[in-house]
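All of the numbers you see were taken from the coordinates with simple rules; none came from a lab. Since the model is a prediction, treat every value here as computed from it, not as a measurement. So basically every Cβ, Gly included, is an ideal-geometry build from the backbone, and we count neighbours across all protein chains shown.
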Amino acid sequence: MNVRELWQKPEARFLILFLAILGVSFTVVALRQVNDVFVTPYTAVIARMSGFILRVFGEEATVSGCVVSSPRFAVTIYNGCNGLITSLIFISGVLAFPAKISAKLIGVIGGLLAIQLINLVRIVSLFYIGVLLPQHFDDAHIFIWQSLVIIAGISLWILWAHKFALPQESS
Amino acid sequence: MKNATQVFLRRLPMTLIAAIVIWLLVRPVIDSAVAGLAQTLIRSFEYPRVTRLVIEDHRAQIRRTDLRTDSTVRSVSMTEVTFNTIVLLALYLALPRPFSRRQLERLFMGWCVLCLSQSINLLFHVKTLYATGLGEWSQHNYSDLARNVFGFGRYFTDLPGRFSFPFLIWLGFNWDVIMKMLRVSGDEDTKQKTGSKQKKKSVKG
């Protein structure tokens with residue numbers, strides 16, 4: 001099978017494009033300049049939003065950089081916890097999938113907002129798990145919430161492909 | 001929303017819980033298999049063969065037979081390396097007829113590929129530790145190029161790999177099923193519409 005034949009297979013084309021976009025985007029965010037100018041300030045915004053929600057819930061939460069703390073518990077939001085990874089995977093999936101530009105735009109904007117909303121719920125819930133059930137914090141953080149966030153991202157992609165991408169492609 | 005997609009999305013929360021239970025049950029086997037394969041891969045390119053990966057309390061302890069016995073033992077969390085098995089299992093189980101022979105074969109193949117990716121992730125963790133984390137010994141035994149290659153490999157197989165591989169493997173092995181699932185309603189609608197038009201025509205005729 002030559003490259004042209006491989007490229008004509010939709011699954012191969014999707015996987016190649018998906019990996020290429022994912023590879024480029026992850027390389028870009030790994031650059032120190034991009035990290036300093038975009039990733040760290042972005043994570044700090046997520047921390048401030050989490051702190052705001054916790055204050056709405058009555059916590060005496062303060063935010064310093066990427067650390068959300070209160071007298072009861074503190075969480076540090078790292079690169080893997082800011083929703084950026086899931087967002088980049090979702091965006092790669094949307095951009096690699098055959099669909100109109102308008103459908104892709106809807107997917108990217110709607111998906112980013114939805115993933116960030118889910119991520120805020122994750123951070124706030126992890127804060128309360130840390131307060132109420134600290135012995136389960138690691139389990140909740142690593143395999144429950146990470147799996148949930150990935151599954152949520154994939155569900156959003158399926159919803160988008162079903163509602164916005166495929167009908168237009170078939171027409 | 002079409003039926004098959006709706007059923008899939010409805011099943012996902014339940015299959016996620018089932019996948020977590022299965023993963024918790026088979027976790028010791030997965031830990032050993034992934035660490036065993038990683039150790040074999042590391043030792044394949046090592047002379048003398050000194051690396052041993054020992055699983056203890058869901059952490060892979062990195063031991064070298066050429067180090068003193070009182071040396072600090074570094075370890076890698078196997079929970080972080082293998083948790084994405086949950087995602088792959090949940091996605092497979094949510095597809096139509098998950099226990100059919102064809103789907104079980106695909107699950108087995110997909111799981112094997114995921115285990116390989118997890119072993120490669122662990123390999124990069126160990127090699128990055130050797131290349132960057134052991135002070136003068138690292139400087140003496142590894143070049144700058146090796147440090148960059150292993151660091152790059154670790155970065156890509158860590159968060160990007162762990163998060164995206166289950167999705168890619170699931171999609172790659174089940175492309176026909178997933179596309180059918182996504183389009184089923186559209187096709188059915190089209191069929192229903194054309195079917196009803198034909199009926200109307202035949203009634204008129």
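Structural remarks
- Top positive-direction residue, dipole computed over the protein assembly as shown with Cβ charges, set A:ALA44, A:SER102, B:HIS125: A:SER102
- Result for chain B in a Gaussian network model with C-alpha springs under 10 Å: among B:GLY172, B:GLY135, B:GLY153, the largest mean-square fluctuation is at B:GLY135.
- Between B:ASN121, B:ASN174, B:ASN141, the residue with the greatest mean-square fluctuation in the GNM of chain B (Cα pairs under 10 Å linked by springs) is B:ASN141.
- Cross-link reach list, aspartates and glutamates versus A:LYS104, counting only Cα pairs under 19 Å and skipping chain neighbours closer than eight places: A:GLU11, A:GLU169
- Judged by the gyration tensor of its Cα atoms, with axes a ≥ b ≥ c, the range A:3-165 is prolate; a/c meets the 1.5 cut and a/b is the larger of a/b and b/c.
- Taking the Kirkwood radius as Rh and the Cα radius of gyration as Rg, the protein assembly as shown has a ratio of Rg/Rh equal to 1.02.
- The GNM of chain B, with springs linking C-alpha atoms under 10 angstrom apart, assigns the highest mean-square fluctuation among B:PHE152, B:PHE45, B:PHE167 to B:PHE45.
- For the range B:95-129 versus the range A:75-132, the gap between their alpha-carbon centres in whole angstrom: 24
- Selection from A:PHE127, A:ALA161, B:SER164 lying farthest towards where the dipole of the protein assembly as shown points positive, charges on Cβ: A:ALA161
- For chain A: relative contact order, % (alpha-carbon pairs under 8 angstrom, 6 or more apart): 22
- Across the range B:143-148, computed HN-Hα scalar couplings (Karplus, 6.51 cos²θ - 1.76 cosθ + 1.60, θ = phi - 60°) run 7, 4, 4, 4, 4, 5 Hz from first to last residue, x flagging Gly and Pro.
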